[in-house]
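Notes follow the structure.
Any read-out appearing in this document is the output of simple, stated calculations on the displayed coordinates, not a laboratory observation. Small disclaimer: the values here were computed from a predicted structure and weren't measured. Glycine gets a Cβ as well: all are built from the backbone with ideal geometry, and neighbour counts include every protein chain shown.
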């Protein structure tokens, strides 16, 4: 029987974050010795640190907040596509996608959760209309963003949004073979939020066995 594959970045106190954003931090508020019964922890974090999803509100002040997004988007058949042979991801590289609503891109960026990359592969905004034509509803990447980290106009975020495609970022795919999987990447129901951390996992489908 196939086992679930964890494709999430571990949340550690040395996790890299967007420059200037709130770093992840976990600590014990109270120890078992102090309470007499239990350890109690706390954490602070940006909603965009580690493996996470963007709610439309992240880049559109009138967009859906996290608790309003349809959960079905984040559960179901997903196709892992290897585009690691290029630093410029173009629509024609995704032309063979068919009959799948979730696409995860394994790019040339090495998976290193403790180091924020100086540069990331360019995901051309023109992929959005192609993915829409293919019926895709969720695009996942193993990068901290679908746009350059220093971008202010976020062309690929907005291009995907205009096509009704949701975004999953900071996946760990270096150890995952291309092919079809079952994906679970559920966000937390954080009221009013612009995103959420997720525990993203894959299981190979029967077609892959």
> Within segment 166-194, can you find the residues that are on the phi < 0 side of the Ramachandran plot and not in a loop (DSSP other than H, G, I, E, B)?
Replying inline: 166, 167, 168, 169, 180, 181, 182, 183, 184, 187
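Quick check on residue 79: is it under 25 Å from residue 202 (Cβ atoms), touching a residue at least 60 places away in the same chain (Cβ under 8 Å) and crowded, with 20+ Cβ neighbours inside 10 Å?
Working: under 25 Å from residue 202 (Cβ atoms): yes; touching a residue at least 60 places away in the same chain (Cβ under 8 Å): yes; crowded, with 20+ Cβ neighbours inside 10 Å: yes.
The answer is yes for residue 79.
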> Among the residues of segment 81-95, which ones are more than 23 Å from residue 5 (Cβ to Cβ) and in a loop (DSSP other than H, G, I, E, B)?
Replying inline: 86, 87, 90, 95
> Just wondering, is there one or more residues in segment 121-144 that are more than 13 Å from the chain's Cα centre (by Cα), under 21 Å from residue 175 (Cα atoms) and part of a loop (DSSP other than H, G, I, E, B)?
Replying inline: yes
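To keep it simple, each residue is scored yes or no on (1) touching a strand residue (DSSP E or B) at 6+ places or on another chain (Cβ under 6 Å); (2) surrounded by 18 or more Cβ atoms within 10 Å (Cβ to Cβ).
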| residue | (1), (2) |
| --- | --- |
| 8 | no, yes |
| 13 | yes, no |
| 22 | no, no |
| 26 | yes, no |
| 30 | yes, no |
| 36 | no, no |
| 42 | yes, no |
| 51 | yes, yes |
| 60 | no, no |
> If you check residue 173 against the conditions, is it within 25 Å of residue 3 (Cα to Cα), buried (at least 18 other Cβ atoms within 10 Å of the Cβ) and under 17 Å from the mean Cα position of the chain (by Cα)?
Replying inline: yes
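Results for (1) closer than 27 Å to residue 12 by Cα; (2) in contact with a helix residue (DSSP H, G or I) (Cβ under 7 Å, 6 or more places away or on another chain); (3) in contact (Cβ under 8 Å) with a residue 24 or more places away in the chain, shown as yes or no for each residue.
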| position | (1), (2), (3) |
| --- | --- |
| 129 | no, no, yes |
| 145 | yes, no, yes |
| 152 | no, no, no |
| 160 | no, yes, yes |
| 196 | yes, yes, yes |
| 203 | yes, no, yes |
| 206 | no, no, no |
> Taking segment 89-102 only, how many residues are closer than 28 Å to residue 194 by Cβ, surrounded by fewer than 16 Cβ atoms within 10 Å (Cβ to Cβ) and either in contact (Cβ under 8 Å) with a residue 60 or more places away in the chain or touching a strand residue (DSSP E or B) at 6+ places or on another chain (Cβ under 9 Å) (or both)?
Replying inline: 0
